[in-house]
Structures are given as C-alpha cells and as structure tokens.
1. Using the structure shown, decide if residue 142 is among the β-branched types (Val, Ile, Thr) and modelled with pLDDT under 95.
2. Cβ-Cβ under 8 Å, sequence separation 6+ or interchain: first residue in the stretch 35-54 and touching a residue at least 60 places away in the same chain (Cβ under 8 Å) and under 22 Å from residue 304 (Cα atoms), partner open to solvent by 20 Å² or more (accessible area, probe 1.4 Å) and more than 12 Å from the ligand (Cβ to nearest atom). Which pairs?
3. Evaluate the following for residue 104: is it more than 16 Å from the ligand (Cβ to nearest atom) and assigned to a strand (DSSP E or B)?
4. Residue 30 passes all but one of (1) open to solvent by 50 Å² or more (accessible area, probe 1.4 Å); (2) more than 12 Å from the ligand (Cβ to nearest atom); which number fails?
5. Restricting to the stretch 38-66, name every residue that is open to solvent by 20 Å² or more (accessible area, probe 1.4 Å), within 13 Å of the ligand (Cβ to nearest atom) and among the small types (Gly, Ala, Ser).
6. Could you please let me know if residue 265 is in the same structural domain as residue 29 (by TED's automatic domain parsing), surrounded by fewer than 17 Cβ atoms within 10 Å (Cβ to Cβ) and under 22 Å from the mean Cα position of the chain (by Cα)?
7. Which of the residues that make up the stretch 347-367 are farther than 17 Å from residue 11 by Cβ and open to solvent by less than 10 Å² (accessible area, probe 1.4 Å)?
Amino acid sequence: MTTEILDVIVIGAGAAGLTAAYDIHHDTSFTYKILEASDVIGGRLQKLEGFADFPIDIGGEWIHVPPSILDEIYNDPNENPTDTIETVQYIQTYEEWEDEEWNTYDLWNTDYKFKNYTWFDFFNDWMAPGLDVELNCTVDAIDWSSTPVQLSCENGKQWAAKHVIVTSSVKVLQDHDLGFSPSLPQDTQEAIDEHYMLPGLKVFMKFQRRFYKEAFTFVEDHEDNEIPESDKYYYAATFGQDSNDNVLGMFAAGEPAEFFIGMTDNQIIGNLLEQLDDAYDGAASNNFIEGFVQDWTNSTFVKGVYTYLNDDWDSLGSIPTMRQPLKDRVFLAGEAVPADNYEWGFAHEAALSGRFAAERVVELLDD
Ligand SMILES: Cc1cc2nc3c(=O)[nH]c(=O)nc-3n(C[C@H](O)[C@H](O)[C@H](O)COP(=O)(O)OP(=O)(O)OC[C@H]3O[C@@H](n4cnc5c(N)ncnc54)[C@H](O)[C@@H]3O)c2cc1C
C-alpha cells in the first residue's frame, strides 16, 4: 500500500499546532494534516464545563498581553475576534498571608481574562474550524533520514510528508516519546534537555459563600527551593465572570506542585482546605461543596505545565538552537520555542511559534 505524501504534517493540536495548520490551510493550497495523540484538540488549553455556571480554564487561563493578540493570531483583515469575545483587565495586586496577617503586593504585569469564555474556546471556535485533524494518533516513530519523512502512530497508521512541524512539549521530547530515527542531532537534543518542564496542577473548589480574597498566597517553606519559577497561588476564578457561584482556583507549579505528586484528589483538596482554614478561621471546610483537580504533571501527552529555561533573562539560551530546522525536514515549535523573543511558556507565544514554523515551511514549499 502506498502512503500519500503530504506537504506538511503537524504533530500536536495545541495552540502552536492549530495556528501552524490554520495558516497553511487558509493561506496556501499545500496539503497537510495534524496528528494529535489525545481525543481532543487544545493541548494545554482545556475547559471544565458543568462544574460552575461559567466555563473554567483548567490549563492556560490569563491573557498575558493586551487582548488584541487574539486578532493578531486570527490574522484576518475582515474580522476581529475581539469584536465579539469579551475580556476583562485583571487586578494589579495580590495579598500574602504571613505571621497571621495579610500583606499586599503588586502583581508583576498587566493581565487580562476572558469573560464567560476560555482560551480553549478561542482556538476551538476561531482557529480550528475546517482544519484536518486526526485525533487519537500518538506519533511514536519519525524516520527523517530522507524526504519524505515517514511517521507512524501507535495505532499502526502510517504517514509521509515533506516537512514535519513538531509541537509536543519539551518533556515529551526529553522522554524520546516521538521515536526520531536517526536520533536528533546532539546540539538539538542538548538544547531540549537544558529546559526544565515544571510539574503543576490546578484545583477548583466550590463554596457556599465567598469568604476569600480576590488573589492571595501563603508564605511556605519548601525543602529544596531551587526552582525560581516555583509558584502557588489562589484566586477567585469568578473574577470578571457573570456568575452566581463561588469558585476558588489554586495553581501550583514547580516545588509547591511536587509536594502534591502521589496524593489522591481528596488528599490534595483536604490539604488546601486546611491551609485556607488557617487564614480564614475554618470558613473553607465549613462552606466547601465540591472540588476538581487537574493534574498536568501526570498528563500522558504533556507531562507538566510549561518550561523553565534559566534565569538569565538577557539570554535566549538554547532557544535559537531549537529553532534550527533539521535538514529542512523537521521544525520544532510550541511553547518552549518562542518565535522572536524569550517569552516562553505563554499560550499566545505558543501560537506565534507555530506560525513562525509554518512560514518557514511554506517558504521551502514555494521554492
Ligand atoms: C495549568 C496551566 C496554566 C497555564 N496558565 C497560562 C496562562 O494563564 N496564560 C498563558 O498564556 N499560558 C498559560 N499556560 C501555558 C499555555 O497553556 C501553554 O504555553 C500553551 O498552551 C502550549 O501550547 P503548545 O501548542 O506549545 O503545546 P501543547 O498545548 O502541549 O500542545 C501539544 C500537543 O501535542 C500533542 N502531542 C504530544 N505528544 C504527541 C505525540 N506523540 N503524537 C501526537 N500528538 C502529541 C499533545 O496531546 C498536545 O495536544 C498554562 C499552562 C498550564 C498547563
């Protein structure tokens, strides 16, 4: 049986993969397909429905730049998503509980949130329609020794393409899940291995009444506080939403998230309620209705929240190496490979990195 040779295969239907495919689909007549391991699109952008009276982002949630970035990603001179998508500017401060009292601190930048909408909705409603996505297709072998590149999925399906854009997370690449043959060049693999994929989770807790502050954190001691990106904070998930519910979110990444590895959902929620009770006089346990835990550390196809590279903010570190096309056949993209600066980790940067990879592939196909 001969396999059709596609112009482009995109691995992964997260922000990066969907944006790469969107550009190829809308701006060219080249053939392409997205191969996605899971049974849904979105990758680290997913939403929880039915838990509260508004949709909840259980992955990426904030828009860390002005919302016009959504128009830039959609990139259609005739239509702007922000004409219909509502967003709200986030607060500028948070509070910290230390030695039995609250102190107020500035938040580090200006953020926005979707109103009764999510990052997942943006990609699902605006970017994904019409795209050719093959779900449940976990790529486990990529022979890029010659053109076309030959790929196969765990379910036995075979594919061939002139160019492959890989958007899997850095941890998936570090664990060699994609089965590159030959192995990736040493400098590329070293650049990949230089990243640290932060473990992380999100928890949402519904309460009978609102007893908590808008955004807050606790001073905590962690034994091995070596990961500067470590983070753990609570926030009213209802901020800016049309909602009658009281939903408190908790996000942890890095060291504080490692603490929860191996715990059951009930143990995690019990631990958080105990911490909240301490600051709020038992109000958390007394008003708790139900909770939801999204564990990203153990998610099979992502394995963490986002990458941490190094704290030398003037250096792009290993990113330029990761951006180098491999024999013009394989292109790495995604959250850890930002297109033109060192703002990795964000949903919008992931999207733009997919666009950057698609541009380079289209240039080669045009030649
Ligand atoms: C809890 C959490 C909170 C966050 N908060 C924010 C935030 O507030 N604001 C923000 O801007 N960003 C946030 N982020 C980061 C943001 O979500 C990510 O940077 C972005 O979604 C990454 O997109 P991506 O396309 O690069 O990767 P992914 O979304 O990981 O997409 C990669 C895709 O590849 C698929 N895949 C993996 N292996 C294979 C394989 N072998 N075969 C086929 N497919 C495969 C995966 O299933 C996945 O769908 C957060 C992330 C998390 C997890």
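The values are calculated or read from the model by the stated rules, or taken from the named source; none is laboratory data. Note that the coordinates shown come from a computational prediction; the quantities given were computed from them, not determined experimentally. When we count neighbours, we look across all protein chains shown, and the Cβ atoms used for this are built from the backbone with ideal geometry, even at glycine. Protein only, heavy atoms only, side chains kept; ligands, DNA and RNA dropped before computing areas. Shrake-Rupley method; radii C 1.70, N 1.55, O 1.52, S 1.80 Å.
1. no
2. 41/124; 42/124; 47/55; 48/55; 48/292
3. Spelling it out, residue 104 is indeed more than 16 Å from the ligand (Cβ to nearest atom) and assigned to a strand (DSSP E or B).
4. Residue 30 satisfies all of (1) open to solvent by 50 Å² or more (accessible area, probe 1.4 Å); (2) more than 12 Å from the ligand (Cβ to nearest atom) except (1).
5. 38, 43, 60 - these are the residues of the stretch 38-66 that are open to solvent by 20 Å² or more (accessible area, probe 1.4 Å), within 13 Å of the ligand (Cβ to nearest atom) and among the small types (Gly, Ala, Ser).
6. Against the criterion (in the same structural domain as residue 29 (by TED's automatic domain parsing), surrounded by fewer than 17 Cβ atoms within 10 Å (Cβ to Cβ) and under 22 Å from the mean Cα position of the chain (by Cα)), residue 265 does not qualify.
7. 348
So that you can scan it fast, the table gives a plain yes or no per residue for (1) in contact (Cβ under 8 Å) with a residue 12 or more places away in the chain; (2) under 21 Å from residue 42 (Cβ atoms); (3) crowded, with 17+ Cβ neighbours inside 10 Å:
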{"position": "68", "(1), (2), (3)": "yes, no, no"}
{"position": "114", "(1), (2), (3)": "yes, yes, yes"}
{"position": "118", "(1), (2), (3)": "yes, yes, yes"}
{"position": "128", "(1), (2), (3)": "yes, yes, yes"}
{"position": "155", "(1), (2), (3)": "yes, yes, no"}
{"position": "171", "(1), (2), (3)": "yes, yes, yes"}
